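The values are calculated or read from the model by the stated rules, or taken from the named source; none is laboratory data. Please read these numbers as outputs of a predicted model, since none were measured by experiment. No Cβ is skipped: glycine too gets one built from the backbone with ideal geometry, and neighbour counts run over all protein chains shown. Each accessible area value is taken on the protein alone, full model and side chains, heavy atoms only, with ligands, DNA and RNA left out. Shrake-Rupley method; radii C 1.70, N 1.55, O 1.52, S 1.80 Å.
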2 protein chains.
Amino acid sequence: VRVVGVEEIRAAVPPAVVFDAVRAALVAHAAGNTVVPSPMHLPFPHGDTHVKAGYVADQPHFVVKTASSFRGRNTGSMLLLSATTGAPVAMLADDGLLTAWRTAAAGALITDALTPVDVDEVAVMGTGEQARLQMTWLAQLRKIRLVHVWGRRPEAAALLCEQLRASGLDARPGYESGAACVVTTTAAPDPLPLTALRAALHITGIGTDMPGKGELPPSLFAGALVVTDDHEQCLDHGDFGHAVRAGFVDAQADLPVGTVLDGARRSTRSIADLTGIGATDAAVSGAVWGLLG
Amino acid sequence: VRVVGVEEIRAAVPPAVVFDAVRAALVAHAAGNTVVPSPMHLPFPHGDTHVKAGYVADQPHFVVKTASSFRGRNTGSMLLLSATTGAPVAMLADDGLLTAWRTAAAGALITDALTPVDVDEVAVMGTGEQARLQMTWLAQLRKIRLVHVWGRRPEAAALLCEQLRASGLDARPGYESGAACVVTTTAAPDPLPLTALRAALHITGIGTDMPGKGELPPSLFAGALVVTDDHEQCLDHGDFGHAVRAGFVDAQADLPVGTVLDGARRSTRSIADLTGIGATDAAVSGAVWGLLG
């Protein structure tokens, strides 16, 4: 079993490889051509660990991923196993990098697909690493003229604006009237302000990835096209599930993300609820091993 | 992340360490002092992979275990993580050895605890590796005068008898009248013959570790003391669950294995249903790392 470190991965894997792998995994998952068991969750006094597993049909490998967040620090690793023997092949000691990348890629793909082509202002809510990645990866798929950054702590919003400008994106903190496209990346346990989201033609929600979180006001789901990365997961602990239980949307109303990535424009307002699925972990780790193995 | 190979583990870890770790984990699990999420299962065309995780309170590490069985070959590895940082610490590339050992230890401990002291003939049903280990590990806890080996294939039963004799245990194939103590280790999808089990004062069932298996005739559970290694797992896919659904025993009738390991004799017939729990994986891998890390 070879152990591959995070710096080797960072140096060798271009975003295009991640985009291709994530897109293929989302399409395969929508078509039922994946194996994705329910994640495991282990709570600890100082943090949480999640275990996800996934397989994309006809790929040579599958993955068992362990991701921890303890005292605000994320760590993780992906164990790649042979789909023909079941034996472990490699451990990608990626420290959570590939999870961050596949989350960024999935968000950027669906945000790009469902946001009208003429929209070039985007708002991001949250100021962490995913807020930055969602914007820089989206900018690889479409032109972004301006990023509005919303965060509870002004200094964190200002820092993210600096980081985005260093990446070549114009960015400014705060926004009042709302933007046509909003990506939410907070760890909020309660819904974000409705005023900031009401004007959005498309919203991608990234942050509600485990029980106890909820970013999007449930009423937003009424009348919107709803897409989910995994129906069961999003119903169980995504914003979609919160909205279903609040009575704003039917439990069968969602479409799989993988069916709307073709970019065909929809006439209606849309919301993408992403909880993160093992199939994208499998596809990305398999692609990385294809480059490095 | 250090990778420890199977030969290093085999050479360094005495059975007493495994017995102590497994006993402590079973007692902790019975007392509610563990974290054991529901296992994950991935089906493949040529095999199955299970992922189990576990943590025993106040231990420095927890474990995420991946165990595969493809075309009859078992492989596996245990990832040990820090319970204070969540970061991966070591990968025990044990190829399933520690799973085999902890299963043998758990079975031997409960078989010894619930079988009357004067019983020195044991029957084992099944002829695989666990059949052998259940007998040799049990022999470390109590005197075994004779092992009866039941298997569908006579040549496999004869081979196991040879192996047991090589380990210093008298063994003979077949048995007609049944034994007072029976350990079942088959992968049977349907119940074993009732005649072989009806006379048993104690039965330990090892083989029903996933959905689609069922070793013990459900009627055996009527009136027996039932102990389970994990209430939810055994109810979901153990022989206990099959018997509950067949109406022979109440869904709340079981006691945790960890509460009866003290060896206090019970007046009644007993059945132990073991599905294998992540807490024992955590304890054993932690103990191994304590020796080798």
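So if each residue of separation counts as 0.36 nm, and I subtract the Cα-Cα distance between residue B:190 and residue B:71, what length gain in nm does that give?
Working it through step by step, the gained length comes to 40.8 nm.
List the relative contact order of region B:143-293 as a percent without decimals, with contacts defined as Cα pairs under 8 Å and 6+ residues apart.
Numbers: 262 pairs, mean separation 29.7, N = 151.
Relative contact order, region B:143-293: 20 percent.
With axes computed from alpha carbons, what is the tilt in degrees of helix A:15-30 against the longest principal axis of chain A, rounded to the nearest 10 within 0 to 90?
Between helix and principal axis, roughly 90 degrees.
Cα-Cα pairs above 14 Å in region B:132-193: how many percent?
Tail of P(r) above 14 Å: 57 percent of Cα pairs.
With springs connecting C-alpha atoms under 10 Å apart, model chain B as a Gaussian network and identify which of B:203, B:110, B:144 has the largest mean-square fluctuation.
B:144
Roughly how compact is chain A, stated as its Cα Rg over 2.2 N^0.38 Å to two decimals?
0.95
Please compute the net charge surrounding residue A:109, taking Lys and Arg as +1 and Asp and Glu as -1 over other residues with Cβ under 12 Å from its Cβ.
Result for the local shell: -1.
Please give the calculated 222 nm ellipticity per residue for chain A, where each DSSP H segment of at least 4 residues contributes -39500 (n - 2.57) and the sum is spread over every residue; nearest 500 deg cm²/dmol?
About -10000 deg cm²/dmol.
How would B:127, B:195 rank on accessible area, largest to smallest, probe 1.4 Å?
B:195, B:127
Taking every DSSP beta bridge with both residues inside chain B, roughly what % is antiparallel (nearest 5)?
Of those bridges, close to 50 percent are antiparallel.
Normalised by the number of residues in chain B, what is the relative contact order in percent for Cα pairs under 8 Å and 6+ residues apart?
21 percent
Checking an interface number: how much accessible area is buried between B and A, summed over both chains, with a 1.4 Å probe, in Å² rounded to 100?
Numbers: alone 12410 and 12410 Å², together 22180 Å².
Protein heavy atoms only, the B-A interface buries about 2600 Å².
Convert 4 °C to kelvin, take the viscosity as 1.567 mPa s, use the Kirkwood radius over C-alpha pairs of region B:8-60 as Rh, and evaluate the Stokes-Einstein diffusion coefficient in µm²/s, rounded to a whole number.
For the chosen part, D equals 96 µm²/s.
Would you tell me the mean number of C-beta atoms belonging to other protein chains that fall within 10 Å of each C-beta in B:33-46, as a whole number?
The per-residue average across the peptide is 5.
At 1.4 Å probe size, what's the solvent-accessible area of residue A:245? Round to the nearest 10 Å².
We get 140 Å² for residue A:245.
Measure out, as a whole number of angstrom, how far apart the alpha-carbon centroids of region A:12-74 and region A:145-194 sit.
Between the Cα centres of region A:12-74 and region A:145-194 lies a distance of 26 Å.
Kindly work out what percent of the DSSP beta bridges joining two residues of the protein assembly as shown are antiparallel, to the nearest 5. Walk me through the numbers on the way to the answer.
Numbers: 58 of 118 bridges.
The antiparallel proportion sits near 50 percent.
To test your reading of the geometry: what angle, between 0 and 90 degrees and rounded to tens, separates the Cα axis of helix A:154-166 from the longest principal axis of chain A?
70 degrees
Taking each label point as 7 Å beyond Cα in the direction of the beta carbon, state the distances from residue B:187 to the same residue in the other copies, shortest first, in nm.
Residue B:187 label point versus its equivalents elsewhere: 4.3 nm.
Quick one: with all protein chains in place, what share of the accessible area of chain B is carbon or sulfur, to the nearest percent (1.4 Å probe)?
Reported share for carbon and sulfur atoms: 53 percent.
Taking the Cβ of residue A:88 as the centre, find all other residues whose Cβ is under 12 Å away and add up their charges (Lys, Arg: +1; Asp, Glu: -1).
My count for the surroundings of residue A:88 gives 0.
So, taking all protein chains as they sit and a 1.4 Å probe, how much accessible area belongs to residue A:231, in Å² rounded to tens?
50 Å²
To make sure I understand the rule: partners must be lysines, Cα under 24 Å from the Cα of residue A:52, and not fewer than 8 residues away in the same chain. Which ones qualify?
Here the lysines satisfying the reach criterion relative to residue A:52 are A:65, A:213, B:52, B:65.
Beyond 22 Å, what share of the Cα-Cα pairs of region B:1-107 remains, rounded to the nearest whole percent?
For region B:1-107, the share of Cα pairs beyond 22 Å comes to 33 percent.
Compute the long axis of helix A:97-114 from its Cα atoms, compare it with the longest principal axis of the Cα atoms of chain A, and write down the angle in degrees, 0 to 90, nearest 10.
40 degrees
Would you tell me the accessible area of residue B:190, worked out with a 1.4 angstrom probe on the heavy atoms of the protein chains, in Å² to the nearest 10?
For residue B:190, the solvent-accessible surface is approximately 100 Å².
How big, in percent, is the set of alpha carbon pairs in region A:158-254 lying more than 16 Å apart?
In whole percent, the share of Cα-Cα pairs in region A:158-254 beyond 16 Å is 58.
Quote the relative contact order of region B:46-142 in percent (integer), defining contacts as alpha-carbon pairs under 8 Å separated by 6+ residues.
Values: 133 pairs, mean separation 17.4, N = 97.
Relative contact order of region B:46-142: 18 percent.
If you line up the Cα atoms of the protein assembly as shown on their principal axes, what length do they span on each, largest first, in Å?
For the protein assembly as shown, the Cα extents along the three principal axes come out at 83, 47, 41 Å.
Hey, in the GNM for chain B with a 10 angstrom Cα cutoff, which one of B:226, B:124, B:13 fluctuates hardest?
Taking springs between Cα atoms under 10 Å, the residue moving most is B:13.
Quantify how strongly other chains surround peptide A:75-83 by giving the mean number of their Cβ atoms within 10 Å of each of its Cβ atoms.
Partner-chain Cβ atoms within 10 Å, mean over residues of A:75-83: 5.
Compute the distribution of all C-alpha to C-alpha distances in region A:53-197, in bins of 10 Å from 0, and list the percent of pairs in each, rounded to whole numbers.
11, 35, 30, 18, 7, 0
For residue A:3, which sequence-distant residues (separation of 5 or more, or a different chain) have an amide H within less than 5 Å of its own amide H, given hydrogens modelled in the peptide plane?
Amide H neighbours of residue A:3: A:91.
Jot down the radius of gyration and Dmax of region B:90-171, Cα atoms only, both in angstrom.
13.2, 44
Placing the label point 7 Å from Cα along the Cα-to-Cβ direction, what are the distances from residue B:41 to the equivalent spots in the other copies, shortest first, in nm to one decimal?
Sorted ascending, the copy-to-copy spacings read 2.2 nm.
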